[in-house]
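Step one of this worksheet: look at the structure below.
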Amino acid sequence: YMHDGRFATLEDVIEFYDKGGETNAQLDEELFPLKLSAEQKKDLVAFLKEGLSNPMDSPEYPMVEPPELPEARANRGNLFMKQGDWRQALADYMLIVDKPKFRLDVLQHMGFAWLNLGESERAVASFSTALEMDATLGQAYYHRAIARLHLKEYELARQDMQKAEACGEDVERLRALMEGGDRGKSRDSGR
């Protein structure tokens, strides 16, 4: 089997694709591990060996849901974000954050979801990783500044606000939040 005859059995071929193929320069970024169960692999081998000679609704060929494509996960995560279901959005995004095509957007969305869940450290981590990939993301600086305010990292928040502004973001609301944070900091330090 395969173009070079490297596999002697269908089981070997299925194992190869179940692991996501073989890492190489030509590997399509959309190819991912299938994570089939032993039962699913057995059913697939039976189907491939016997072909379509039996009806699809036969008990010999149970219907198996195909794995979701990363695009579907991204779209579903985006829908959950719009609905404010931060945890469900994160559940979908975490499954595709390693896909290069989606990584930058997903990291920003994850940062925003973490921020809305009150997980400021995780929000900072997500935004920071996105900013390592693209230092021109004004919204990422803006939201990371808010997360840093929650963590009482006022100087880092101020630096992020300045970077957000340099990227063209309107930071007046953020500036007002920061002034409130600075007043709180001076009150706390006076105790």
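A short reminder: the numbers here are calculations on the coordinates, not readings from a lab. As the structure is a prediction and not an experimental result, all values here were calculated from the model. So basically every Cβ, Gly included, is an ideal-geometry build from the backbone, and we count neighbours across all protein chains shown.
Quick notes
- Residues that are part of a loop (DSSP other than H, G, I, E, B) and either farther than 26 Å from residue 95 by Cα or touching a residue at least 40 places away in the same chain (Cβ under 8 Å) (or both), drawn from region 1-35: 1, 2, 3, 4, 5, 6, 7, 8, 9, 29, 30, 32
- Count of region 88-132 residues, restricted to those that are in contact (Cβ under 8 Å) with a residue 24 or more places away in the chain, closer than 25 Å to residue 152 by Cβ and β-branched (Val, Ile, Thr), is 1.
- Count of region 82-109 residues which are over 23 Å from residue 31 (Cβ atoms) and assigned to a helix (DSSP H, G or I): 9
- The set of residues from region 86-127 being out of contact with any helix residue (DSSP H, G or I) (no Cβ under 7 Å at 6 or more places or on another chain) and either buried (at least 19 other Cβ atoms within 10 Å of the Cβ) or over 18 Å from residue 32 (Cα atoms) (or both) comprises 87, 105, 118, 119, 121, 125.
- Residue 135 being part of a helix (DSSP H, G or I) and either without any contact (Cβ under 8 Å) to a residue 60 or more places away in the chain or closer than 30 Å to residue 28 by Cβ (or both): no
- If the condition is being surrounded by fewer than 21 Cβ atoms within 10 Å (Cβ to Cβ) and under 17 Å from the mean Cα position of the chain (by Cα), then region 128-140 contributes 128, 129, 131, 132, 133, 134.
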